[in-house]
Every structure is written in C-alpha cells, then in structure tokens.
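Peer 1: One structure follows; several queries about it will come next.
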Amino acid sequence: MGIEKNKYSEFISIIYVSGFAAALSLKFSIHINGGMFMQLLGFCIKSKNVIAMVNFYKKVLNAEAIGEGDVHYDINLPDGKGGFTIWDNGEVSDTVNEKIEIAFLVDNVDEEYERLLKMNVSMVESPVDNPWGARHMLFCDPDGNQIRFVTPL
C-alpha cells in the first residue's frame, strides 16, 4: 500500500514512535494504490466518565471542548489542528484499553512533563531519548488510556 501526498492533503507527515506510525496531524488524506481516496476524520474515546475526561484533555492539551451535558463533547486542539470526541454511548465497559496509544507532537517534552507533574497526572514513563530521533514521555488519562507526548530531536 502506497501513501502519497495529493492536492486534497492539508498536511501529511509520519513519525515512527515505539514501533507504530503516528500521524502528526489529524487532518490528512491519502490515495491507496493510486486509486481510492481516504481522509482521516478523527477518533472517539468512549468513556463512562465524560466530564472528568473532558476536563483532563482541556487542561493537558490546552484544548477547547464543545458539548453539553455528560454524554458527548468534541475536543478541538489549539490552532485548528484537529480534534477528537469523548462520548458515553451507554455501552462502555470498565476494562482498561491496552491496545491503543494516543500520541501528540509537542514543542518540548521536558516542559510538558514538568507542567503535567504539577497537575498530578499519572505518569507511566518520564522523558527519554530514542535512537530513532524522538524524545517522548508516556502518561494516562482518567480512564487509563495511554498518551504519549513526542518531540523530534
């Protein structure tokens, strides 16, 4: 499968982090095998604890949250660089998701680490340099989902 930049792409750049490819922007499009057009729309985190999750992501990402009640919110990243949804569909289990990790590109991992420590965020891994040219840290949201902040070296 080939990935190529096309006239519909706002931005596409891939960085390898911990053995997986993370898009540096949620707004990109691709042509698969030169034919079918596909564009990433976003992602949704399902949670029974929507308000706590919204408050967490607003603080951690300096994001805006749009929604009302305790069922559905859109989290918009600063400067219009994408976003995602937090939603309680009434069917969420209490098990922790250990198969997905959310990665964000940040200006300075070390500064973010210090900022999040002051917020009592649950840290999994302090900042570390990797041989593939990235410095990263790992922490969890209130539901236990893993979040990685990455700065290229």
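The values are calculated or read from the model by the stated rules, or taken from the named source; none is laboratory data. Computed from a prediction, not measured in an experiment: that's the story for all the values here. Here the Cβ positions follow ideal geometry from the backbone for every residue, glycine too, while neighbour counts run over all protein chains shown.
Peer 1: Does VAL92 qualify as being of a type outside the set (Lys, Arg) and not in a loop (DSSP other than H, G, I, E, B)? Outline the logic, then answer.
Peer 2: Details: of a type outside the set (Lys, Arg): yes; not in a loop (DSSP other than H, G, I, E, B): no.
Spelling it out, it is not the case that VAL92 is of a type outside the set (Lys, Arg) and not in a loop (DSSP other than H, G, I, E, B).
Peer 1: Of all residues in segment 104-153, how many are modelled with pLDDT under 90, under 22 Å from MET53 (Cα atoms) and out of contact with any strand residue (DSSP E or B) (no Cβ under 8 Å at 6 or more places or on another chain)?
Peer 2: 1
Peer 1: Please identify the pairs in which a residue from segment 112-123 that is within 15 Å of ASP141 (Cβ to Cβ) and free of Cβ contacts under 8 Å to residues at least 40 places away in the same chain has its Cβ atom under 8 Å from the Cβ atom of a residue that is among the β-branched types (Val, Ile, Thr) and part of a loop (DSSP other than H, G, I, E, B), counting only partners at least 6 apart or on another chain.
Peer 2: GLU112/VAL106
Peer 1: When the residues of segment 132-153 are narrowed to those that are among the charged types (D, E, K, R) and assigned to a strand (DSSP E or B), which ends up surrounded by the fewest Cβ atoms within 10 Å (Cβ to Cβ)? Spell out how you get there, then give the answer.
Peer 2: From segment 132-153, those among the charged types (D, E, K, R) are 135, 141, 143, 148; that's our starting set.
If we keep only those that are assigned to a strand (DSSP E or B) too, we end up with 135, 148.
On the way: ARG135: 18, ARG148: 22.
In this case the residue turns out to be ARG135.
Peer 1: Whether any residue in segment 108-131 is part of a helix (DSSP H, G or I) and assigned by TED's automatic domain parsing to the domain that holds ILE51 is what I want to check. I'd like the intermediate steps shown before the answer.
Peer 2: Filtering segment 108-131 down to residues part of a helix (DSSP H, G or I) leaves 109-118.
Filter again for assigned by TED's automatic domain parsing to the domain that holds ILE51, leaving none.
No: zero hits.
Peer 1: If I go through segment 115-140 residue by residue, how many of them are of a type in the set (Gly, Ala, Ser) and closer than 14 Å to PHE104 by Cα?
Peer 2: So in segment 115-140, the residues of a type in the set (Gly, Ala, Ser) come out as 122, 126, 133-134.
Applying the additional criterion that residues be closer than 14 Å to PHE104 by Cα yields 134.
Of the residues in that region, 1 qualify.
Peer 1: Consider segment 46-82. How many of its residues are at pLDDT 90 or above and either aromatic (Phe, Trp, Tyr) or in a strand (DSSP E or B) (or both)?
Peer 2: 11
Peer 1: For segment 85-103, check the following and say yes or no: at least one residue is crowded, with 18+ Cβ neighbours inside 10 Å, modelled with pLDDT under 90, hydrophobic (A, V, I, L, M, F, W, C) and within 13 Å of the chain's Cα centre (by Cα).
Peer 2: Checked segment 85-103: at least one residue is crowded, with 18+ Cβ neighbours inside 10 Å, modelled with pLDDT under 90, hydrophobic (A, V, I, L, M, F, W, C) and within 13 Å of the chain's Cα centre (by Cα).
Peer 1: Further question on the same structure: Within segment 59-79, which residues are within 29 Å of GLU114 (Cβ to Cβ) and not β-branched (Val, Ile, Thr)?
Peer 2: LYS59, LEU61, ASN62, ALA63, GLU64, ALA65, TYR73, ASP74, ASN76, LEU77, PRO78, ASP79
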